[in-house]
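The values are calculated or read from the model by the stated rules, or taken from the named source; none is laboratory data. A quick note: this is a predicted structure, and the numbers were derived from the prediction, not measured. No Cβ is skipped: glycine too gets one built from the backbone with ideal geometry, and neighbour counts run over all protein chains shown.
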Amino acid sequence: MQIDKEKLLWMYEKMVEIRYYEETMAAVYMEGKLPPVIQKGLAFDIGGGPVPGEMHLAAGQEPVAVGVCAHLSDDDTVVGTHRPHHFAIAKGVPLDAMTAEMFGKVTGLGKGKGGHMHLFDNAHKFSCSGIVGASMPIACGAALAAKKMGENWVSIAFFGEGAANQGAFHESLNLAAVWKLPVVFVCEDNQWAISVPKAKATSVQWVTDRAAGYGIPGIRVADNDAVAVFEATAPAIARARRGDGPSLIEVRTDRYFGHFQGDPESYRPKDEVAHLRQRDPIGLMSKLLKQRSLLSADEEAALVSKAQQRVTRAFAFAADSAYPDAQDALADVFVQDHAFARALV
Amino acid sequence: MKTERILTMAQAISEAIAQEMARDNTVFVMGEDIGSYGGIFGATGGLLDKFGKERVMDTPISETAFIGAATGAAAAGLRPVVELMFVDFFGVCMDQIYNHLAKNTYMSGGHVKLPVVLTTAIGGGYSDAAQHSQCLYSTFAHMPGIKVVVPSNAYDAKGLMTAAIRDDNPVMFMYHKGIMGLPWMAYLEGSSNAVPEEAYAIALGQAKVMQEGADLTIVSLSQMVQKAMLAAYELQGQSIHAEVLDLRTLVPLDKEAILKSVRKTGRLLIADEDYLGFGLSGEIAALIAENLDTVVLKAPVMRLAVPNVPIPYSRPLEQFVIPQVADIVKAAQALLVGKLAKAVAA
């Protein structure tokens, strides 16, 4: 399959941006969470600092997001997981509002009511959920809407390999197959459901083995490589746009950070991540672009610098933004009905 | 002279849905057995013939998938009406309801609009036992983000369903099986009443005084309203004048209507078919307690509800735990003991 230069460069640039975003977040997230500024006796304070709460970072998993989203337009829907930043960035969600949301600021996507696992952007048809497996039914609904509206929009449900053992997975695949919904189910197999390895939790070697059970194609991508993901996804998306129904894709990918920041990761070998990083997908892509003479060293430096600047600006925007008024907690339970929530108090 | 058209609640509900489907082509219906069967409780009768299978969709028995799909379709601009047969079945798909449908609007800062109507059957009284007889409206009212509609009669059901479909927010529409007017289940006939043919909406959050009275207020909802009306009739023969208030919706709750009535009567009886503990009857009692500066009670608040046991199967057991007309009469008499004693002394 021939991928044009623009797509390759776009995927590379987005992967660089995602990686820098996650690394920046990893650093900012630790602010205010470590001794000596926290309660005595604690090693870590999850509720402290400018970005409180759980934080699930996707460094290493960039190829899944960019390889799929390279096929999409603003009209296509993406529903992500609790680890959603790479999907959001690849789908075009504005970095400023997304970052401000994680800082709990009023300029955030959800005015500070959602946080990092609950990012909603209507303009780019992006949402995600903190509940394992929940992306799949909702993506089916977006696909159903596209079908009813007579549009050839597709919808993507991203989920982890752990979610393949959820009822929502089985129900959604069956529903999508029986209704021929234009949805592509994309499994990120990073081998770890928090601490439980895939082999101990899943009855089949590959999640795609289950596709046959629903009479749909199952496509497995063995390498954590954006080009491979792009190529594998193409027929699934084409099938969905033609109205022929869903597909299941599984990508073997790598999670560089813990399940959440602060995860002691006692369950995996100390050198596992160092080993994984030796086949880093961003390095691979850089090499490929140079081999094909699609990117010079100077152009690459400029590309990286621009991506980093965008991220830096977003973090500055978030840090400089105001918190919402405390009373705003009572609004937005229902749309067009802000007075209602206040009357409840 | 035009004669009044009497409809059952099931007919009124399906008529409201049909009229909204005709008016707005983004409205569609999905659920289990809602197509050719017309809904197990008749709430979608005739819709398949009128609108076809693209807009009236039978689903697999996959509640997580199709209720989640309703959320996704609503976010994309459609207005799904989704039926899940019995409220007791929501356990299998609660995550999609309370973590997604109910919260996505809020977590998006009000940007995501989810005009979904979830319909379901509630209530017991026909020996269907613990997994097919609950009301559970308090459970859904307890969790923020879903409006809760619980009609007691056909006229209200039609207007409330119309309003529910037009609402831009998730609405749970809960109909009691024992007032649907089904040909295969005994029902309280007061629930079938005159229903205009033209479409109309009844604003959510407005309780209705079903009968005025000065001696006590009976706050009720759903089938229990019909029981309260029968009790009120019986009490009238004993010169006890009950005001019967039908809440019609729990979210929003018409607190003012409750307070207004209790300020007038000074006595409150709550007649509820949900569980007694931590629910609707406690909520209303708390409302009164919080307003004792302006509400003068002549007797303590009294609650009738299902004691905290699952609904039993055997007829005498079930009739014991679900408040009956006679229980409402007895409770009202007990509330009025002071007044009755004074009358005797005089």
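Listing for the model above:
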read-out: Test for B:Gly145: is it part of a loop (DSSP other than H, G, I, E, B) and either modelled with pLDDT under 95 or not basic (Lys, Arg) (or both); value: yes
read-out: Some residue of the stretch B:298-314 being surrounded by fewer than 21 Cβ atoms within 10 Å (Cβ to Cβ), closer than 19 Å to B:Val150 by Cβ, free of Cβ contacts under 8 Å to residues at least 40 places away in the same chain and not assigned by TED's automatic domain parsing to the domain that holds B:Thr162; value: yes
read-out: Helices (runs of 4 or more DSSP H) completely within the stretch B:1-115 that count 2 or more residues being among the polar types (S, T, N, Q) and either at pLDDT 95 or above or within 20 Å of the chain's Cα centre (by Cα) (or both); value: B:9-23, B:63-75, B:104-107
read-out: Filter pass, B:Thr139 being under 20 Å from B:Met21 (Cβ atoms) and either in a helix (DSSP H, G or I) or in contact (Cβ under 8 Å) with a residue 12 or more places away in the chain (or both); value: no
read-out: Any hit, the stretch B:126-135, residues being part of a loop (DSSP other than H, G, I, E, B), touching a strand residue (DSSP E or B) at 6+ places or on another chain (Cβ under 9 Å), charged (D, E, K, R) and closer than 30 Å to B:Glu318 by Cα; value: yes
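Table: residues versus (1) more than 30 Å from A:Leu294 (Cα to Cα); (2) at pLDDT below 95; (3) aliphatic (A, V, I, L, M).
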residue: A:Met1; (1), (2), (3): no, yes, yes
residue: A:Lys7; (1), (2), (3): no, no, no
residue: A:Arg19; (1), (2), (3): no, no, no
residue: A:Gly49; (1), (2), (3): yes, no, no
residue: A:Asp75; (1), (2), (3): no, no, no
residue: A:Val79; (1), (2), (3): yes, no, yes
residue: A:Pro84; (1), (2), (3): no, no, no
residue: A:Met102; (1), (2), (3): yes, no, yes
residue: A:His116; (1), (2), (3): yes, no, no
